[in-house]
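Bear in mind these aren't lab numbers, they're just calculated from the coordinates by the rules spelled out. Only a predicted model underlies this, so the values are computations on that prediction, with no experimental measurement involved. All Cβ positions, glycine included, derive from the backbone under ideal geometry; neighbour counts span all protein chains shown.
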Amino acid sequence: RAARDAAIEAGYGRGAGQLAAALGAALDEAEASWAAVGPDDWGRPVAYRDGTLHTAGLAWWRELEIHTVDALLGAGPSGWPPDLCTHLLGFLSVRVPGGTGLTLTAVDTGQTWTYGRGGQVAVEGRLTDLAAWLAGRAPEGPLGGGPLPELGGWP
């Protein structure tokens, strides 16, 4: 985490043009790297969070999509692909506070997810808006269902 934080600090203050160029270079490098990975390689262990290459790839995907939005370099959360949004809901479900049973309903897909146990809170909105909220970003559309619970920290 210290290396990640240091990299973020090193890039702080760069202009949009510099960030876009750096992002393009990183995407090219990552695409070439992922293309070299064979089917049996995804389960290989990596140092990042004592995970696998698969979990490291998911972390890279989250970081890329979320921080591209943070840096105002692309579409907002409404541009996130549905697979990412679904992944974010599961990955970030640990942010649901203890003692809360949270039911999320995506009004645009009809999907429902329930996390936690306790006092029931129901939140509904577009899939991208639910993912943005659970990721600590401002949803672009309304979320309905009542007061939103205070979320815990990132995993």
Worksheet item: What whole-number value in cubic angstrom gives the convex hull volume per residue for the C-alpha atoms of the chain?
Response: 138 Å³
Practice prompt. For helix 53-70, report the angle its Cα long axis makes with the longest principal axis of the Cα atoms of the chain; keep it between 0 and 90° and round to the nearest 10°.
Written response: 80 degrees
Worksheet, complete the sentence: Kirkwood Rh for region 80-155 from C-alpha pairs, in Å, is 12.1 Å
Discussion item. Could you work out the relative contact order of region 80-155? I mean the mean sequence separation of Cα pairs under 8 Å and 6+ apart, divided by the number of residues, in percent.
Written reply: 33 percent
Fill in: Range of Cα positions in region 2-74 per principal axis (Å), largest first
40, 26, 17
Practice prompt. State, to one decimal in nm, how far the label point of Asp5 lies from the label point of Thr109, with both points 7 Å from Cα in the Cβ direction.
Written response: 3.3 nm
Discussion item. Can you give me the C-alpha center-to-center distance between region 126-146 and region 38-116, rounded to a whole angstrom?
Written reply: 14 Å
Discussion item. Taking 8 Å as the Cα distance limit and 6 or more residues as the minimum spacing, I'd like the relative contact order of region 2-74 as a percentage.
Written reply: 22 percent
Worksheet item: Relative to the longest principal Cα axis of the chain, at what angle does helix 82-91 sit, 0 to 90 degrees, rounded to 10?
Response: 70 degrees
Item to complete: Output the peptides 56-67, 13-24, 118-129, 28-39 sorted from most to least packed, where packing is the average of other Cβ atoms within 10 Å over each peptide's residues.
Response: 118-129, 56-67, 13-24, 28-39
Fill in: Derived scalar couplings ³J(HN,Hα) [region 7-12; Karplus, 6.51 cos²θ - 1.76 cosθ + 1.60; whole Hz; x for Gly, Pro]
5, 5, 4, 5, x, 5
